[in-house]
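The values are calculated or read from the model by the stated rules, or taken from the named source; none is laboratory data. All of these numbers come straight from a predicted model, not from anything done at the bench. Cβ coordinates were reconstructed from backbone atoms using ideal geometry, including for glycine residues, and neighbour counts include every protein chain displayed.
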């Protein structure tokens, strides 16, 4: 071989070795950064999980309390409705409006509520 060809091949091998070293260094740095990022993500998910469990437990307790209040209110409304039905039904019987099926006072009260409701 000629000396020029030997020099070109030597330079080519040196360049290839330098490129391989640079690539290896960059790949190692990339893997190191990826490992640090994955560790940070794992810590973040663990922290979120430990902080989120008590918050969800509190939300569930609040929702259960609201549900209980709602049920109690519904029961009270049903009781008031039964009492009013009984009282108004007895007043209808007392006034002799059984044949019509409606009490005059009650129908007047409902029509008054309907008038105010339509105005809004």
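In the list 88, 63, 36, which residue meets the criterion of being in a helix (DSSP H, G or I), surrounded by 10 or more Cβ atoms within 10 Å (Cβ to Cβ) and touching a helix residue (DSSP H, G or I) at 6+ places or on another chain (Cβ under 7 Å)?
Only one candidate qualifies: 88.
Okay, residues lined up against (1) under 30 Å from residue 108 (Cβ atoms); (2) at pLDDT 90 or above:
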| residue | (1), (2) |
| --- | --- |
| 1 | no, no |
| 43 | no, yes |
| 78 | yes, no |
| 82 | yes, no |
| 91 | yes, no |
